[in-house]
Amino acid sequence: MTWEILAYDIAARVEQDEREDLLAEARELADAERATQVFADRIRAFTGRDISIALNSPDRSALSGRLITSGTDWLLIHDGGYQHIVMAASVTRLYAPRFAQEAPAGLPVSIGSILRELQGAPVTATCIDGTVSGVISGVGKNYLVLNISDDSPHRGTHAREWGPRYEYGSYGGDDSVAVPFSAVALLSQAFIHAHS
């Protein structure tokens, strides 16, 4: 073996060792970053895109649609005719996951906060033990109350216009049901586009 070939051989081995070290370091950094991510970060990467998820509920095991936004413990998905508030804890699978994305600044809205703004809105709650429809009449720290006797002709077709509301009515009665957030997979409502 000539010294020139020997020199090239040594250089190739050094380059190969450096490449292997660099790849090993990249794998370690990727593993370290992945270890800091939560499942919601993987879901959040679909914001503005179509998403397919499986849910922990007997009435609706799968949901596909466009992920509009998400909060700390919920997702808002439009699937054409309906809008759904999905409890993040009820998602059992995310199909074709993308790179993770951290929560955007300014949207740490909890499920309780968003549901309080929807008081008076007709919804269908898909729960782990079945489905119940009614009008949101109250929201506690970890539960919501639905008035199930509301026979409004607009039931399930639209939410009221947003506005500050300070209604203090009865949150219970024979025509109401309280449902803990942990039992709800998603809340659905028919979606009608506003025309100007």
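The values are calculated or read from the model by the stated rules, or taken from the named source; none is laboratory data. Bear in mind that the values here come from a model prediction, so they are computed numbers and not experimental data. In this analysis, Cβ positions are derived from the backbone assuming ideal geometry, glycine residues included, and neighbour counts consider all displayed protein chains. Surface accessibility is based on the protein's heavy atoms, side chains included, excluding ligands, DNA and RNA. Shrake-Rupley method; radii C 1.70, N 1.55, O 1.52, S 1.80 Å.
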- Message: Is it the case, given these coordinates, that LEU187 is open to solvent by less than 70 Å² (accessible area, probe 1.4 Å), modelled with pLDDT of 90 or more and within 23 Å of PHE39 (Cα to Cα)?
- Response: yes
- Query: Under the condition of being free of Cβ contacts under 8 Å to residues at least 24 places away in the same chain and of a type in the set (Gly, Ala, Ser), which residue from region 61-73 is least open to solvent (accessible area, probe 1.4 Å)?
  - Reply: GLY65
- Message: I'm trying to understand the selection: among the residues of region 116-134, which are more than 27 Å from ALA62 (Cβ to Cβ) and either in a strand (DSSP E or B) or out of contact with any Asp or Glu (no Cβ under 7 Å at 6 or more places or on another chain) (or both)?
- Response: ARG116, GLU117, GLY120
- Assess whether LEU76 counts as being in contact with a Phe, Trp or Tyr (Cβ under 6 Å, 6 or more places away or on another chain), closer than 26 Å to CYS127 by Cα, open to solvent by less than 60 Å² (accessible area, probe 1.4 Å) and among the hydrophobic types (A, V, I, L, M, F, W, C). no
- Item | Scan of region 1-60 for residues that are open to solvent by 50 Å² or more (accessible area, probe 1.4 Å), outside any helix (DSSP H, G or I) and either in contact with a strand residue (DSSP E or B) (Cβ under 6 Å, 6 or more places away or on another chain) or modelled with pLDDT of 80 or more (or both), ordered by number | THR47, ARG49, ASP50, ASN56, PRO58, ASP59, ARG60
